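Comments concern the structure below.
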Amino acid sequence: MTQQPSVGRIVHYHSYGTPGGEFRPEARAAIITAVHWSDTADGEDWQGIEQGVEQPDSEIREAPDYIDSISLAVLNPTGMFFNENVPFSDVPAPGHWSWPPRT
């Protein structure tokens with residue numbers, strides 16, 4: 001992932017569709033509402049300190065390079081829904097988010 005997700009950016013959320021096939025999986029516009037970081041690529045939780053924000057002990061900590069998942073406000077034709085801890089996928093995959101294709 002060369003781009004870095006941040007709060008307020010527009011991404012695609014890929015819906016699951018319905019089990020009976022009445023509705024197919026589709027890409028939906030979504031706004032990032034939170035970015036969840038981890039210390040390591042194996043998913044160990046990061047302690048949630050914002051990058052570059054001065055902490056009470058006057059120590060400024062840098063955010064790690066790993067992004068575990070993001071939270072989204074997904075925009076559907078019939079309304080919005082909120083989804084937390086959505087994983088990234090390079091290719092469209094149901095239940096994942098990806099960057100919109102460049103046209």
Starting from the Cα of Ala29, step 7 Å along the direction of its Cβ; do the same at Ala73; then give the gap between the two resulting points in nm.
-> 1.3 nm
Would you please give the residues with an amide H less than 5 Å from that of His36, counting only those at least 5 places away or on a separate chain, with H modeled from the backbone geometry?
-> Asp68, Ser69, Ile70, Ser71
By average C-beta atoms within 10 angstrom, highest first, the peptides 30-37, 4-11, 78-85, 93-100 = 30-37, 93-100, 4-11, 78-85
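At R0 = 35 Å, how high is the FRET efficiency between Asn85 and Glu22 if r is their beta carbon distance? Nearest 0.05 is fine. Please report the intermediate quantities before stating the final value.
Numbers: r = 27 Å, r/R0 = 0.76.
Efficiency computed from Cβ-Cβ geometry: 0.85.
A short reminder: the numbers here are calculations on the coordinates, not readings from a lab. Just so we're clear, the structure is a prediction, and the values are computed from it rather than from any experiment. Neighbour counts run over all protein chains shown; Cβ positions are idealised from the backbone, glycine included.
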